[in-house]
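Read the figures in this text as sums done on the coordinates, not as results from a lab. Bear in mind that the values here come from a model prediction, so they are computed numbers and not experimental data. Please note: Cβ atoms are built from the backbone with ideal geometry, for glycine as well, and neighbour counts cover all protein chains shown.
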Amino acid sequence: MPQGRGTYGSKKGRPAKKKKGLYDNIAAKKKRIAAGSGEKMRKAGDPGAPTAKDFKKAAKTAKKPAKKKKK
């Protein structure tokens, strides 16, 4: 298989490109809205809005916050 420009995860030691998750996308949109982009969050039940099933699926793969070490 040819290794063209922009290929990730190849044998040349490049890291695989990681996709952003649901929570990352929501946080990015909230940041754009706060900056004045004029966008609006979709309401629950609107076409294209994440469903409860999507949130349950995302919660299974979400990273747990690191615990603080006591001194």
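Net charge of the neighbourhood of R32, taken over other residues with C-beta under 15 Å away and scored Lys/Arg +1, Asp/Glu -1, is +4.
A straight chain from A34 to A59 at 0.36 nm per residue would run longer than the Cα-Cα distance by 6.5 nm.
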